[in-house]
1. With a 10 Å cut-off between alpha carbons and a GNM built on chain A, which of A:79, A:115, A:379 moves the most?
2. Which FRET efficiency, nearest 0.05, do residue A:389 and residue B:49 yield, Cβ-Cβ r, R0 45 Å?
3. If you line up the long axis of helix A:353-368 against the longest principal axis of chain A, both from Cα atoms, how many degrees apart are they, to the nearest 10?
4. Could you give the semi-axes, largest first, of the ellipsoid that matches the stretch B:10-102, computed as the square roots of 5 times the alpha carbon gyration tensor eigenvalues and rounded to whole Å?
5. If you fit an axis through the alpha-carbon atoms of helix A:290-299 and take the longest principal axis of the Cα set of chain A, what angle between them do you get, 0 to 90°, nearest 10?
6. What is the gain in length, in nm to one decimal, between residue A:7 and residue A:278 on full extension, counting 0.36 nm per residue of separation less the C-alpha to C-alpha distance?
7. Could I have the simple spin-label model distance between residue A:125 and residue A:140, label points 7 Å from Cα toward Cβ, reported in nm to one decimal?
8. Amide H of residue A:103: which non-local residues (sequence gap of 5 or more, or other chain) have their own amide H closer than 5 Å, using H built in the peptide plane?
Amino acid sequence: MPERSWNGYLRDDGRKGIRNLILVLYTVECASFVAHAVAEGEADVHVIGFPGCYDNAYAIRLMLALATHPNVGACLAIGLGCEYTQPSRLAEVAERSGRPSDWFFIQEHGGTRSGIAKGKDALKSLRAKLDVQTVRVPMSWPDLIVGAECGGSDGTSGLAGNPVVGRFYDFLVDRGGSAVFEETVEMIGLRDVLRSRAATPEVALQLDRSYEKAERYCKAVRQYSVSPGNFAGGLTTIEEKSMGAFAKSGSRPIQGVIEVSQQVPHPGLWLLDSVPDEHFMQFGYTNPNDTEGIMDLISTGAHIVMFVTGRGSVIGSPVAPLIKVTGNTRTFERMNDDMDFNAGSILSGEQTLDEAALSLMKLAGDVASGELSKPEALGHREYFVMYKHQDTPQLEAGCRA
Amino acid sequence: MMSGEDAAMKRCFQVNPEDNVATLLQDAGAEPATILGAPRNATVDILEEIALGHKVCTRSAAKGDLIVKYGVPIGVATEDIAMGAWVHLHNCSSRVDERSNHLDVKTGVAKDTAYA
C-alpha cells in the first residue's frame, strides 16, 4: 500500500478529524423529538442522546466522548428542563475543548415549535463560528483510528469477513495507525491466544483481567455466546466460534485494554472492554445490539468503524462513518445499496487475503478522504446510549434506607 | 488458484497452513474436493456427507490430538479421525465448554434441558 494522505480537520485540542460535523445531543427521551427536528434536513448535523431521566456516569462519559470526537467541530445540547443530565455541562466541556457549543432547555422556550426554532437558530450561529475557525490539516495513516465490530454473522464471517479486517488492521498498525476491536465475551476459550498477543507482561495481566471478567459475565448469565444454530451450521466448539470473531484483530501485538469513552493512548492495536462491571445490578447487559457496540468503538476516537456482516445489515452510525464488509458474495449482491466491501472473493479463490485487505485499505483511505460510505450516503445515523456501569462512582449518601 | 483444478469439484477453505481441518463452501458427499486458502494439500478425498459450513479433516488426527483451525486449537479429537472425515461434535470436544459435548450432532439442540 503506497503512503496516502488527505486533508482533515484540526481541532483546538490537537485532534484531527475526517468529517466536520455539528453534534446535537439531547439529555432525556422527552427532548428527542425536538432534537431530531432541529437536525432534520441538515446534512452535517448528527444526533445522539440519552433516554434516561436519572443520570448515569457511563452515559455522560460516552456523550462527552462523542461531543469532543475528532470528527465533531461544534455541539448543541438540548434538554427538556427537569432531567438529571445537564445540557449546559455537556456544552461547557465541548466548548472548553475548542468546539463552539450551545445549549438550551425546551421548557424555557415554550415548547415544540419554539424549541425547534431556537435550535435551528443556534445551529446557524454554530455553523458560522465553525466555518470561520475550521483549519484543514494533512492526515495520513498514523493519524487514523479504525474500529471493528461484527454482527449478523454467518459461515463466511469467520473465514473471510473478519480475517480481511484483521489483515487490514495488520497493514494499518504497521504503518503507524491505530486499530480497536472489542467483544471480549466472544473470546471465551482464547485466554492463551490473547495472552500470546500481549505487547508486554503488564498488558498480559490486563488481558487476563478482561478475559476473566468476560468469563464471569458468561457464567452469571449461564451462557457462552453460542447457540444451537451455530452448531447446526458447522461450528463445533466455542473456541472455534470465538476465533472466527477474534480474527478481526489481525496478528499484531495488543498494546493494552481500554474501556468505553477512553481515548486510544498511542498508535497500535487495542482491545476495547465494553463489559459492564459486575458489582452493579449483576453486570447488566454488555452489547444489547450492534449499534451499541459501534457507539462504544466511536467513543474511543475511531474515525471509521468496520462492520462485518455475513447475513447483511442496514444500520449506519453518527459521528464516524460505518464501512460494511461481508464475506458472502450473495449478500453483497442482494444488498448492494448497503454493502461497501465484498470479501467473498477470498473464498472463491479470486483474491488472496492480502489482496483483499489492500483493497479494503484503499476503501478506508477513500472514506477518510471524504468519500461517503454506503450507510453514510443513505443517511443512516443509528445510535444507542444506554445505562451501563463501568467505574461508576459510589454515591453512598444518595438513598437512605 | 491451483492448477488443473476441476471446475466441478466441490470446494473447501483452509484458513492457516497449520490447520488440520478445512471448512466446506458447499454441501459435499464422498468425493474429492479442492482446498482453497492456505492448504497443505491441494485436494482432499472426502469420506462421507459433509454440509456447507462444516469441517473436513485435512490431516489425520489421533484420539487426544488437538484440532487446529486459524492456526490455534479449537478442540480435542475424542477418537481417531481420518483424513477426509467430518469433524464435529461426535469426534471433537471443546476444552472450555462442557455443555456443547452433549448437544445433538446434527441439529446442535441441547439434550440436557427438561421440558416437563
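1. A:379
2. Working: r = 49 Å, r/R0 = 1.09.
Approximately 0.35, to the nearest 0.05.
3. 10
4. Numbers: eigenvalues 82, 39, 26 Å².
Taking √(5λ) for each eigenvalue gives 20, 14, 11 Å, largest first.
5. 70
6. On the way: separation 271, 0.36 × 271 = 97.56 nm, distance 4.32 nm.
Full extension of this stretch gives 93.2 nm more.
7. 4.2
8. A:77
We did not get these values from a lab; they are worked out from the coordinates using the rules stated. Since we're looking at a predicted model, the values are computed, not measured. Positions of Cβ are generated from backbone atoms using ideal geometry, with glycine treated the same way; all protein chains shown enter the neighbour counts.
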